[in-house]
Amino acid sequence: VAHELRTPLHILQGNLEGLQDGIYQPSPEHIQAMLEETQMLARLVDDLQILSLAETGQLPLHFEKVDLIELIADVSTSFSGPIDAAEIDFQVEIEGSAADLTITGDVERLDQVLSNLLGNALRHTPPGGSILLKAAATLDAVLILVRDTGEGISSEDLPYIFDRFWRGDKSRQKLKGAGSGLGLAISRQFVLAHGGRISVESQLGVGTAFNITIPKDYRP
């Protein structure tokens, strides 16, 4: 945590000291750069709080009947524009009726899980690639698949992707479009909070597939 907080704080401190010493002028560009650093810090702190609450079982969850077909439609609509702009083929597959794919869960947290996974797929899939979002039903559970044809994850990194701050980047450099490094850790905790499981399969240069299983009638 200290490592992740240190970089934006040093950037902010350096910019503010430069303004104070007259090295920089308070231009819109410098103000915007500092604002972006504060926004990143705010996201990091918010994500850390959410993750800590989820890990200790203290995160408030509102369980209700969730139509997974409707949820997937909403998430797909949110990502269709950016995915089209990235020239990536986006497919949605539904196997089962609305009744088959209705579960008991917190719709906002499930939305965040799917958004995290699709966001990762979008960042790591090059133009001309494809992303698949699929939902299917079994007798007592629903299965969700998010699969991409992106850069993939090495076998050395694969055991650690649900750890805090994992980005597949040993230098942990701040990259354009990179998140806090907590998205997958948070997603895993949200799935566990629904009595579910999440796993991943990946191959470098081929792509990555996240598989989620959530029981239909989980009672926390």
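The values are calculated or read from the model by the stated rules, or taken from the named source; none is laboratory data. What you are looking at is a predicted structure, and each value in this text was computed from that prediction instead of being measured. Cβ: placed from backbone, ideal geometry, glycine included. Neighbour counts: every protein chain shown. Just so you know, the surface numbers come from the protein's heavy atoms only, side chains and all, with ligands and any DNA or RNA stripped out. Shrake-Rupley method; radii C 1.70, N 1.55, O 1.52, S 1.80 Å.
Among the residues making up the range 135-164, those that are hydrophobic (A, V, I, L, M, F, W, C), open to solvent by less than 20 Å² (accessible area, probe 1.4 Å) and touching a helix residue (DSSP H, G or I) at 6+ places or on another chain (Cβ under 8 Å) are 135, 142, 144, 146, 161.
To keep it simple, each residue is scored yes or no on (1) among the charged types (D, E, K, R); (2) loosely packed, with under 13 Cβ neighbours inside 10 Å; (3) at pLDDT 95 or above.
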site	(1), (2), (3)
41	no, no, no
44	no, no, no
57	no, yes, no
62	no, yes, no
69	no, no, yes
80	no, yes, no
96	no, no, no
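Scanning the range 7-39 for residues that are closer than 16 Å to residue 181 by Cα and open to solvent by 50 Å² or more (accessible area, probe 1.4 Å) yields a total of 2.
Listed by first and then second residue, the pairs linking a residue in the range 57-75 that is in contact (Cβ under 8 Å) with a residue 40 or more places away in the chain and over 16 Å from residue 114 (Cβ atoms) to a residue that is part of a strand (DSSP E or B) and open to solvent by less than 80 Å² (accessible area, probe 1.4 Å), with Cβ atoms under 8 Å apart and 6 or more places separating them unless they lie on different chains, are 63/104; 63/105; 64/104; 64/105. Across the range 196-220, the number of residues qualifying as modelled with pLDDT of 95 or more, open to solvent by 40 Å² or more (accessible area, probe 1.4 Å) and farther than 16 Å from residue 125 by Cβ comes to 3. Within the range 5-39, the set of residues being of a type in the set (A, V, I, L, M, F, W, C) and either farther than 17 Å from residue 165 by Cβ or at pLDDT 80 or above (or both) comprises 9, 11, 12, 16, 19, 23, 31, 33, 34, 35.
Number of residues in the range 86-127 that are closer than 28 Å to residue 205 by Cα, small (Gly, Ala, Ser) and in a loop (DSSP other than H, G, I, E, B) equals 1. Here 74, 163, 84 are screened, and the one residue that is within 18 Å of residue 191 (Cβ to Cβ) and not hydroxyl-bearing (Ser, Thr, Tyr) is 163. If only residues of the range 103-134 that are open to solvent by 50 Å² or more (accessible area, probe 1.4 Å) and among the basic types (Lys, Arg) are counted, the one that is farthest from the chain's Cα centre (by Cα) is 134.
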